[in-house]
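Read the figures in this text as sums done on the coordinates, not as results from a lab. For clarity, every value in this text was computed on a predicted model and none was experimentally measured. Glycine also receives a Cβ, built like all others from the backbone with ideal geometry; neighbour counts cover every protein chain displayed.
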Amino acid sequence: MSKYNVLLPKTAFSMKANLREKEPLIQKKWKKADIYEQILLNNSGKKPFVLHDGPPYANGHIHIGHALNKILKDIIVKYKNISGFAAPFVPGWDCHGLPIEYQLFKELNITKSDISQIDFRKKAAEFAKKFLKIQLSEFMRLGIFADWKKPYLTINKNYEAGILETFAALVEKGFVYRGAKPVYWCCSCETALAEAEVEYHDIPSPSITVLFKSEDLENTYAAVWTTTPWTLPANAALAFNKDFLYSVIEMDIKGYQTRILVLDAKKEEIRDKVHAKDFRIISQNKGSRFAGMKFRHPFLNQPAVGICADFVESGEGTGIVHIAPGHGEDDYRAGLKYNLPVISPVDERGLFTKEAGEFRGQFVFDANEKIINIMREKGALLESEEITHSYPHCWRCKKPVIFRATPQWFISVDKDNLRGKLLEEIKRVEWTPPEGENRISAMVENRPDWCISRQRYWGVPIPVFYCANCGEHLLDAKIIRKLGALVRAEGSDILLKENLPVDMICRKCGGKKFSLENDILDVWFDSGASHHILEERAGHRFPADLYLEGSDQHRGWFQSSLILSCATKGPAPYKNVVTHGFVVDGAGRKMSKSQGNVITPQEIIDKSGADILRIWTASQNYAGDLRLSNEILKSCTDYYRKIRNTFRFMLGNLHGWSIKNETPKAQMTALDLYILARMEAVKKEVTANYENYHISEAFHCLFDFINLDLSSFYLDIIKDRLYTLGAYWPDRRSSQSALWELLKNLTLLFAPVISHTCEEVLQTAKEEIDGTLPESVFLMEIPEEKFFIPENKAGQWIRLLKIRESVLKAIEDARANGKIGNALEAGASITGDRENTLSYFSESALKEIFLISQLGEAAGKEILAEREENGVLVKIYRAEGTKCGRCWRITQNNSDGICERCAKAEADTAASAAANEPVPNTSDILEK
Ligand SMILES: [Zn+2]
Ligand SMILES: [Zn+2]
Ligand SMILES: [Zn+2]
């Protein structure tokens, strides 16, 4: 080709991405230009859109889940900022709490008793700050735009003051109370835990059926099922379902005639379990009959009373439930109703106290075996086996937790019908995916009051005081507000000091000396109060437009935020909630160190670059779990390469073109107008998907456009125009003008995902094509819709592309048979076109679109391939004439080895270069 003056693409935008080295340089430029502030400045006055960041714990390096979450947020915020909104993004960190405390104690290799609270808090603050700095730079390396200079931290003085103000508002409205209810308790961390702090794992447990002798029915034993034998010393009652039918059956167990009371539906099951031959029904009654009856404890000298409870189910067990109000939520509620004693003879380490008599000093789980043995000796054990079931574990130390009743602080969810309000608000929020709504509703419907006190060091002290004289507690919103002002100036450590400059008087004894509550606030209270940020930060508003977190936050942050917002302000703190699944390996298994299948964001960045990780994030459907493996990453690299090469093609072929060469819309060729109209349709779909947070649909829609419409169709066709027409010829200029539109639109549409690459594209375009472009792609807006084709023309194009498919297939057949080499050696006859589609296009345009040299009658020619489909009959023959050495088309008028058109193009390009101005021409490609 070099012999001729062919116009080959030229650009500094390299084929090789080299993201590893390039991305940090681009990020440096963003940082230097203060890109985040520039964007907000640029968008000031536009409609606000606030995505409120859920704060991760500052206790380690970021993992792939963090990267996924922040990239999804970044894609949405960036999209909003280039589509007519002002979208600030303030990142947050959760700096208090058990996750940090647990890890720091492990690192220091000491326990709570080895260090004072104040000393520990200093170390914990340093620890949190160290990791938030690490995470901050790791998030920046992902290309996330945010207010990195001023993140919100739950240990900031202002933030802590906000926590106290929220607490004061709750106190004022009467939501806070002290109670001795059973709560989740970790015996290893020695603290109460909230719902959100336990996770479920399968473990083996004893499953036993115990006999409680009836004191009302002759020689009869109630069969009671339990999987926690250690709670039997705390038994207070047996619960029946009032509507179920129960039977007393008599059977022979090991030679003894024994009468057993059991759910009627379970009588055969019991018979089989004890290997009895058969049974005889003595009597039958509804569960309500047993309310008030007395039973004897199987090994202690204490009574168990019969009660009725709706939570008694017929699925598992015997239909008779052992009730220990000190060790279970349902049990506790039933206990309240029947005025049962709350027995919880277990200390903070999980050891039985002296109230448990002979079990004193034993760890509860270890006591199971002893209790089973005692009952076996007493003949009170009907049967026992081991089962594996899902059991709550501590989220930090991963040990099984227990229910334990101790005095704790609670937020009532039923005061003033708060629960009803929460459910109302949930309905008003838009949940994506929609299943989220039922999930959180069910949780809120059934949740107990929120236990907010923790027996730990690292958090905001609960601002409650005890009278030194009489022990009465002082819970006063006015005092808490005063303390809030103090904390705003000094930080929450001030609360731990004695002689606070706040007047306190005991309402009971008039005493003036007080000591602070030892407990701290649940860390979920800290983050749940974060919506006060929405009122304090510039450009923000309450409620936020969007919360976006992992789907586990229905139980965590979405709920704690909802409760605190609805209780203190009324509305939910968010209008939309989007949740994503978890990252699993290529086979769908959980990632874990022990499995060796963990992939970290750092590894991906070091190997491929942040834009590849961003493509992975955008290409996956985040509604469910997201698979990640090296193979999947390889496919992301393939996506990337295709996108990069397309941008490179566009930039390269815009060489020698500038804005002043732009072809007015009215003078563009039909093919160019068609592809631009296609682009507008794609843009509509992509932006609608971005709007609805359907990011993977947006990405794939864009990618398909690049891959199918551009790469396999449009760009393939216009290569001939771009390379071989005269530099200034209208058809070439028309296509270049189309490339410019495509480039601008695609750069912006892809920018939220592959931000670094799109910035590189824009900077290259600024250098090579249009110096007036802004400093960053993120200071632009997605162009308005400009191109469209009327419906009837669109229909012609759809039919033409169908015919094109058939022509290309027929040519492929001819090539496969070895009849022709290049498609340009082919001619085609197309007949049977009933819709007359072809008549709307000029012959030269059709030849161009079909990538052939000749079109017309096949009569008298050797047919090389034939296809009848899509409503036409296509016949392929060898084009007659001579091959042009410059454009490879076969034409009749060839001289000196090149065709007439090429000769003219060569001359015009040379003349225009000499004259430095366009040479007018008539091209042979202009469509009708
Ligand atoms: Zn624990
Ligand atoms: Zn007092
Ligand atoms: Zn030619």
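For the reader, a short list of remarks on this structure follows.
- Karplus-derived HN-Hα couplings along region 287-298 (A = 6.51, B = -1.76, C = 1.60, θ = phi - 60°), whole Hz, x at Gly and Pro: x, 4, 4, 8, 4, x, 5, 9, 10, 9, 4, x
- Using only the C-alpha atoms, the convex hull of region 317-417 corresponds to 177 Å³ per residue.
- Compared with the dominant Cα axis of the chain, that is its longest principal axis, helix 730-750 is turned about 10°.
- Positive-end residue of Val583, Val305, Gly528, charge dipole of the chain with Cβ unit charges: Gly528
- Rounded to the nearest 20, the Cβ-based charge dipole of region 375-488 about its Cα centre (Lys and Arg +1, Asp and Glu -1) stands at 700 debye.
- Sorted fewest first by neighbouring Cβ atoms within 10 angstrom, Asp243, Asp813 come out as Asp243, Asp813.
- Put simply, the amide H of Leu245, placed in the peptide plane, has neighbours under 5 Å in Asp264, leaving out anything fewer than 5 places away on its chain.
- Glu430 long-range amide H proximity, modeled H, under 5 Å: Asn576, Val577
- Nonlocal amide H pairs with Ala405, under 5 Å, H built at 1.01 Å: Val183
- Counting only alpha carbon atoms, the long axis of helix 477-490 and the longest principal axis of the chain meet at about 50°.
- Extension reserve of the Asn156-Lys766 stretch, reckoned as 0.36 nm per residue once the Cα distance is removed: 215.4 nm
- ³J(HN,Hα), Karplus 6.51/-1.76/1.60, whole Hz, each residue of region 108-116, x for Gly, Pro: 6, 6, 9, 10, 3, 6, 8, 8, 6
- Rounded to the nearest 20 debye, the dipole size of the chain about its Cα centre is 1340 debye, using +1 on the Cβ of Lys and Arg and -1 on the Cβ of Asp and Glu.
- A dipole drawn for the chain from +1 and -1 charges on Cβ atoms has a positive end, and of Leu232, Thr11, His61 the residue lying farthest that way is His61.
- For the chain, the residue among Val872, Leu136, Val50 whose Cα projects farthest onto the positive side of the dipole built from Cβ charges is Leu136.
- Tilt relative to the chain, helix 715-724 - C-alpha long axis, 0 to 90 degrees, to 10: 30
- Shape descriptor for region 202-388: Rg over Rh equals 0.95 (Cα atoms; Rh from the Kirkwood inverse mean 1/r).
- Set Lys46/Lys150; Lys112/Lys173; Lys28/Lys786; Lys786/Lys809; Lys421/Lys482; Lys28/Lys106 screened for pairs whose C-alpha atoms are more than 25 Å apart: Lys112/Lys173; Lys28/Lys786; Lys786/Lys809; Lys421/Lys482; Lys28/Lys106
- Ranked by the mean number of other Cβ atoms within 10 Å per residue, highest first, peptides 649-655, 728-734 order as 728-734, 649-655.
- Mean residue ellipticity, 222 nm, helices only, the chain: the sum of -39500 (n - 2.57) across DSSP H runs of n ≥ 4, divided by residue count and rounded to 500, is -12000 deg cm²/dmol.
- Charged-residue dipole, Cβ positions (Lys, Arg, Asp, Glu), region 1-129 about Cα centre, Debye nearest 20: 800
- For region 413-419, Karplus couplings with θ = phi - 60° (6.51, -1.76, 1.60), whole Hz, Gly/Pro x: 9, 10, 4, 6, 6, 4, 4
- Between region 794-865 and region 100-128, the Cα center-to-center distance that results, in Å: 77
- Shape box of the chain [Cα atoms, principal axes, largest first, Å]: 117, 77, 46
- Highest-first packing order for the peptide set 606-614, 906-914, 404-412 is 606-614, 404-412, 906-914, based on the mean count of other beta carbon atoms within 10 Å.
- Cα-based Rg / Dmax (Å) for region 820-880: 11.1, 32
- Sorted peptide list for 753-765, 578-590, criterion being average Cβ within 10 angstrom, highest first: 753-765, 578-590
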